[in-house]
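Please read the structure below before turning to the comments.
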Amino acid sequence: MKFDRFSPIGIFDSGVGGLSVLQHIRQTLPHEALLYFADSGFAPYGDKAESVIIERSLAVADYLIAHHIKALVVACNTATAAAIKVLRQRYPDLILIGMEPGLKPAALHSHSKIVGVLATQATVLSEKFLLLRAQLETARGVQFIPQACTGLVDQIEKGELASAATLALVRRYVAPLLAQGADTLVLGCTHYPFVAHLIRQVCADCGQPNTQLIDTGAAVALHLQRLLTQAQLLRPAITPAPPPSLRATTTGSASSLQQALLRLLKIGDCEVLALAAVA
Ligand code: DGL
């Protein structure tokens, strides 16, 4: 592994979801160069077998490491649950940060002590999630209600952030959690912050407009900042900050990712490389 303070930070997800994390990283670390990888040719991960998710995560991580990244952010709860252990074994010296559904902050916020967890099927069935859930339920006296939101990632990948079909899907998953007494909802998939407005709308329609939504993107950006500082790998700050440098790679269509960057983050000048395959 060859990198220095000027090397990029690698960030990956099955698709555009990791952009919700990338936006926090850009805010927290405006001087850093970022290399985003959307594995859209293989999205969604959430309905795939664990072995497939591990294989994809290793292939993408290998690609990013071959591009001399100084840190890797697995901006995907599903990939983290399946593959973070294997990634740490393969790259023991790399700064490596995963995403985990925010059960801990949710347990602290919730007054009703009933928390809904919106995530992919693979995440809610993973050993990592089941273990964390059991630990916190015992330690904090909280009840977590996991809800696999099948189909929601596809809607977000298609750019359907405000359609009637997406709203109906959100309602189908969120309303039963509210009916069971949840006052806090964990966004346990990095795609979901892009439909937070629909989740809030459903909460309001159900008479619970004060429902808390928990997203861990900002916490991950701060954690990354801490680890880069400790390792003396922060890119030196120049005043005024240079325009943030961002490159992206996808196993899907370059123009779709370009449109998503514009739609979701208002970024219109990102160089996007489409790869036929990464294996
Ligand atoms: N964005 C991903 C996550 O945080 C997964 C989406 C998927 O590919 O199913 O879990």
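Laboratory data are not the source of any read-out in this text; all were calculated from the coordinates shown. This is a predicted model, so every value here is computed, not measured. Glycine gets a Cβ as well: all are built from the backbone with ideal geometry, and neighbour counts include every protein chain shown.
Simple point charges give the picture: +1 on the Cβ of Lys and Arg, -1 on the Cβ of Asp and Glu, and for the chain a dipole about the Cα centre of about 460 debye.
What is the local net charge at L96, summed over the other residues whose Cβ is closer than 12 Å to its Cβ (Lys, Arg +1; Asp, Glu -1)? Once positives and negatives cancel, what remains is +3.
Placing +1 at every Lys and Arg Cβ and -1 at every Asp and Glu Cβ, with all other atoms neutral, what dipole size does region 36-112 have around its Cα centre, in debye to the nearest 20?
Numbers: 7 positive and 7 negative charges, 38 e Å.
In debye, rounded to 20, region 36-112 gives about 180.
Give me the angle, in degrees from 0 to 90, between the Cα long axis of helix 217-230 and the longest principal axis of the Cα atoms of the chain, rounded to the nearest 10. Here the helix axis deviates by roughly 40 degrees. Taking 7 Å steps out from each Cα toward its Cβ at L131 and S163 produces label points 3.9 nm apart.
How big is the charge dipole of region 1-158 about its Cα centre, in debye rounded to the nearest 20, if each Lys and Arg gets +1 on its Cβ and each Asp and Glu gets -1 on its Cβ? Could you put the intermediate results ahead of the total?
Working: 15 positive and 14 negative charges, 84 e Å.
Roughly 400 debye, rounded to the nearest 20.
Could you work out the local net charge near A139, counting Lys and Arg as +1, Asp and Glu as -1, over the other residues with Cβ closer than 13 Å to its Cβ?
Numbers: positive: K104, K113, R133, R140; negative: E137.
For residues surrounding A139, the net value is +3.
Kirkwood Rh over alpha-carbon pairs of region 27-149, then Stokes-Einstein at 37 °C and 0.692 mPa s: what D in µm² s⁻¹, rounded to an integer? For the chosen part, D equals 208 µm²/s.
The amide H of G98, built 1.01 Å from its N in the peptide plane, has V74 as neighbours under 5 Å, considering only residues 5 or more places off or on other chains.
Where does the charge balance sit around D269 when Lys and Arg score +1, Asp and Glu -1, over other residues with C-beta under 15 Å from its C-beta? Kindly include the intermediate steps, with their values, before the conclusion.
Working: positive: R26, R247, R263, K266; negative: E271.
Neighbourhood net charge equals +3.
Across the chain, Cα-Cα pairs farther apart than 33 Å form 19% of the total.
Taking only the Cα atoms of region 73-116, the ratio Rg/Rh comes out at 1.15, with Rh defined as the Kirkwood radius. Its DSSP H runs of at least 4 residues, each contributing -39,500 (n - 2.57), put the calculated 222 nm mean residue ellipticity of the chain at -13500 deg cm²/dmol, to the nearest 500.
Annotation: region 151-211 has a Kirkwood hydrodynamic radius of 11.6 angstrom, from the mean reciprocal C-alpha pair distance. Angle of helix 19-28 to the longest C-alpha principal axis of the chain, folded into 0 to 90 degrees and rounded to 10: 60°. Just so you know, the Cα atoms of region 130-279 work out to an Rg and Dmax of 19.1, 51 Å. With the simple spin-label model, which puts each label point 7 Å out from Cα in the Cβ direction, the L222 to T28 separation comes to 0.8 nm.
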